[in-house]
Amino acid sequence: MEFTKEQLQFIQEKKPELIKKPEPSLNDAIVEFLKKYEVFVKPPKDKSRLDGSITGAITGFAGADIGGDSFLIQGQNKQTATQEWTQWKQWALDHKDFPKFQTDFFNEIYEYNQNIDKKLKDPEFQKDIHQLFIEEEQKKVKEIENTYQQIAILGGLFLLIIIIYSFYFGTENFRRNRDNSYIRNQINLVHDF
């Protein structure tokens, strides 16, 4: 049984251990390898648009001199981070243990993801997850029924308010008309005398 994208999302919400790891890159392997040696560097991200926006905001706020200084500082920080990453990356690539680590790292993620695929294809698991789908569907049906019930109650209250309002004003008009006819009769009686 193949699962749809929505079903997979539901399964992963209920069972987060079934979320696959993203395919690793060479940089991911290098970062993990360096962590073994307590070196915590990451490849610099391209933040040129963000840096440019920040520099532009500083320039507009504080003036061209300070904005230019900010631009130079950001450029120096980026250059330093790039140089540091390049040096550590080269160190890792040249390290005698890195090729085996990289292979093991890639294989570990591949096997992890393969185990998830196997689990998803396991008939016993599918039976369990099918039960979760049924329970979720019943929950949704119950929520819809509750919503309809609330709408019916509110509609009934609204209708009851309209009936009471109509009855009240209908009797009020009747009373006024009756009172007015009584007064007219009394006035006519007085005129007749």
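Taking trypsin sites (Lys or Arg not before Pro) across segment 78-110, the ones in a DSSP loop with at most 13 further Cβ atoms lying within 10 angstrom of their Cβ are K96. Legend: residue pairs K42/K89; K45/K96; K20/K100; K5/K121; K5/K119, Cα-Cα distance threshold 18 Å; pairs beyond threshold, K45/K96; K20/K100. Note on F40 and L157: the extension gain reaches 35.7 nm, defined as 0.36 nm multiplied by sequence separation minus the Cα-Cα distance.
Every number in this text was worked out from the coordinates using simple rules, so none of it is lab data. Just so it is clear, the structure is predicted and the values come from calculations on it, not from any experiment. Glycine gets a Cβ as well: all are built from the backbone with ideal geometry, and neighbour counts include every protein chain shown.
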